[in-house]
Structure formats: structure tokens, C-alpha cells
1. Identify, by number, the condition in (1) free of Cβ contacts under 8 Å to residues at least 60 places away in the same chain; (2) hydrophobic (A, V, I, L, M, F, W, C); (3) touching a Gly at 6+ places or on another chain (Cβ under 7 Å) that Ala244 doesn't meet.
2. Among the candidates Gly113, Gly127, which residue alone is surrounded by fewer than 24 Cβ atoms within 10 Å (Cβ to Cβ), more than 29 Å from Arg200 (Cβ to Cβ) and at pLDDT 95 or above?
3. Could you list, in sequence order, all residues of the range 54-95 that are surrounded by 15 or more Cβ atoms within 10 Å (Cβ to Cβ), in a loop (DSSP other than H, G, I, E, B), at negative phi and modelled with pLDDT of 95 or more?
4. Take the range 255-273 and flag every residue that is under 12 Å from Pro225 (Cβ atoms) and part of a helix (DSSP H, G or I).
5. Filter the range 132-171 down to the residues that are acidic (Asp, Glu) and surrounded by 20 or more Cβ atoms within 10 Å (Cβ to Cβ), then identify the one that is nearest to Gly218 (Cα to Cα).
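The values are calculated or read from the model by the stated rules, or taken from the named source; none is laboratory data. All figures in this text were calculated on a predicted structure; none of them were measured in a lab. Cβ placement follows ideal geometry from the backbone for every residue including glycine, while neighbour counts extend to all protein chains displayed.
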Amino acid sequence: MHPVTVLCEPTVAALPRGSVCEVDRPCLMTPGARRLALELGIQIVMRSGDLVAPDSAAPSQDTFAGRLDSTLLAALATPDQIEQLAREAIDCRFAAVCVNPVFVPLVSKLLAGTGVAVACVVGFPLGASASSIKALEARLAVDQGATEIDMVMPLGLAKAADWRAVARDVAEVRAAAPRPNVVLKVIVEAPVLTPEELDRAAITVVEAGADFVKTGTGTSGAVQPEHVIRVARVVGQRARIKAAGGIRNLETAMALLDLGAHRLGTSNAAALVREANRAAS
């Protein structure tokens with residue numbers, strides 16, 4: 001499957017006004033990218049063969065599939081289904097495959113040397129395990145080959161505004177899965193938080209060591225545009241954003257990328273890539 005380059009609004013915003021940007025075929029531009037390019041007088045040109053304009057201001061050309069974490073966290077998921085997920089990830093070149101801890105050894109073996117990361121959930125989906133148990137779960141996953149940890153913060157403590165306890169929880173997992181070898185994504189479960197709680201949660205987990213703020217588990221509702229907007233505003237460049245929950249079509253995915261999401265977590269990743277290939281053809 002040929003990788004599809006994706007240009008979203010944040011990428012175009014980083015280009016010089018009036019510049020020429022060459023991109024490889026096939027390419028998808030989000031609605032925000034098209035609007036901003038027109039507003040700033042930026043020309044987006046599809047590259048022909050090896051010809052590159054000497055004054056081109058080409059952005060970092062990442063692919064749509066490279067923005068996706070392909071996920072299967074169902075309680076009844078079988079090894080055969082996990083193997084299929086891994087095969088799809090290799091074919092599509094996803095960023096990561098995200099699974100429950102029991103499947104980390106299998107996925108690590110299947111994805112070895114492919115460039116697709118192994119992500120494991122920790123304290124999923126409630127975030128209510130003791131911090132020491134979360135840390136142990138993360139350490140075991142890393143020992144078995146995971147390079148990305150998607151942990152759920154202690155939601156009840158967040159609702160009680162015990163932000164020091166939330167920070168300690170995240171910091172303990174961070175210590176068990178240290179930089180630079182492990183990426184830590186902290187799930188704040190935005191659908192159950194007030195806007196003010198979401199702001200505070202995002203700030204707290206980033207200060208405690210999160211590389212990504214992840215919007216949700218998908219079990220409490222779909223990610224909403226305002227979730228990504230608020231997180232992007234409060235964390236700025238200090239962390240990246242993973243949007244997850246209810247991302248079932250290309251239109252939703254493109255909108256979230258425009259708003260500043262760096263990764264999208266979805267159980268529908270292969271179908272989204274097929275849709276992106278159709279749209280780019």
C-alpha cells in the first residue's frame with residue numbers, strides 16, 4: 001500500500017508566506033491546510049519525478065498512516081486477531097500497534113525490525129490501579145518489547161482535584177518507563193472532565209513526564225474537537241497530543257489533525273488508510 005503524504009494546518013502554518021512547497025504523490029491536504037495555504041499565498045506543488053524546485057520550502061513530509069496507532073483492546077480479542085492487526089500495521093506502515101499487556105510479547109515478535117512501534121496500555125481503562133502496580137505493568141511491557149506506554153491517569157483522584165496524587169502516579173510510571181527509549185502517553189479521559197479539569201489534567205501530566213496527552217480510552221465517549229483545542233492551548237510545544245475515541249472516518253481524522261493532534265488512536269486504522277488512498281488517487 002503506497003504511503004499517502006498528509007498536509008494539515010499546523011504544517012502549512014510553519015511554511016514561509018508566499019513560498020512554494022513540493023510534496024510527493026499521493027498527497028492529502030486537510031481543509032485547514034487548503035484554507036491557510038490560500039490565505040498565505042503558499043503554493044502546494046506535487047513533485048514530478050525527481051525534479052525539486054531550488055527555492056522550494058518542503059515541510060517534513062510524514063504520511064497519514066504514520067499518524068495512526070492501530071488499536072485492539074477488546075476483552076475478547078484473540079491471538080489471531082492480534083496477528084492480523086500486526087500484519088495490517090506492517091503493510092500500512094502505522095506509527096504503532098496498541099494492545100493489552102498480555103499480547104505485548106506476540107506483537108513485539110511480529111513487529112521486530114519493521115519500524116512499527118509496540119504500544120501497551122497500562123491501568124486500562126479505569127486508571128484505578130495502585131501506582132506501584134501501574135509501574136510494574138509498564139516495566140514488564142518494556143522488558144517484553146514495548147516502546148510506547150499508554151497509561152490511564154487516576155481519574156477519581158483527578159475528579160477530586162488531588163493533582164499532587166495524579167502527578168505522583170504519572171511520575172512513578174515515567175520512572176519505570178524512562179526516556180529516551182520509551183514514549184509515555186497519558187490518557188486523561190477528556191469526555192468525563194469539565195473544561196477546567198481537562199486543562200489542569202493536561203498541565204499536570206505533562207509536568208509529571210508525559211510525552212503525549214491522550215484524550216481518552218474510547219470507553220467513555222468520542223473525542224471532541226474542543227478536547228484537542230484545549231489541550232493544544234495549555235500544553236503548547238511541551239508535549240504532543242494523541243486523539244482517541246470514535247475516530248471512524250477520514251473527515252473526523254483530518255479535522256483532528258488540523259486542530260493539532262499529532263497521533264490518532266483508532267480501531268479502524270486500516271479502513272482509514274484505504275479511505276485516504278481513495279481520496280488521494
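1. Failed condition: (1).
2. Just one listed residue meets the conditions, Gly113.
3. Within the range 54-95, Phe64, Leu73, Ala77, Phe94, Ala95 qualify.
4. Within the range 255-273, Ala255, Leu256, Leu257, Asp258, Leu259 qualify.
5. Here the answer is Asp150.
Each row is one residue, and each column tells you yes or no for (1) surrounded by fewer than 19 Cβ atoms within 10 Å (Cβ to Cβ); (2) under 24 Å from Ala117 (Cα atoms); (3) under 16 Å from the mean Cα position of the chain (by Cα).
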position: Val213; (1), (2), (3): no, yes, yes
position: Thr219; (1), (2), (3): yes, yes, no
position: Gln224; (1), (2), (3): yes, no, yes
position: Arg248; (1), (2), (3): yes, yes, yes
position: Arg263; (1), (2), (3): no, yes, yes
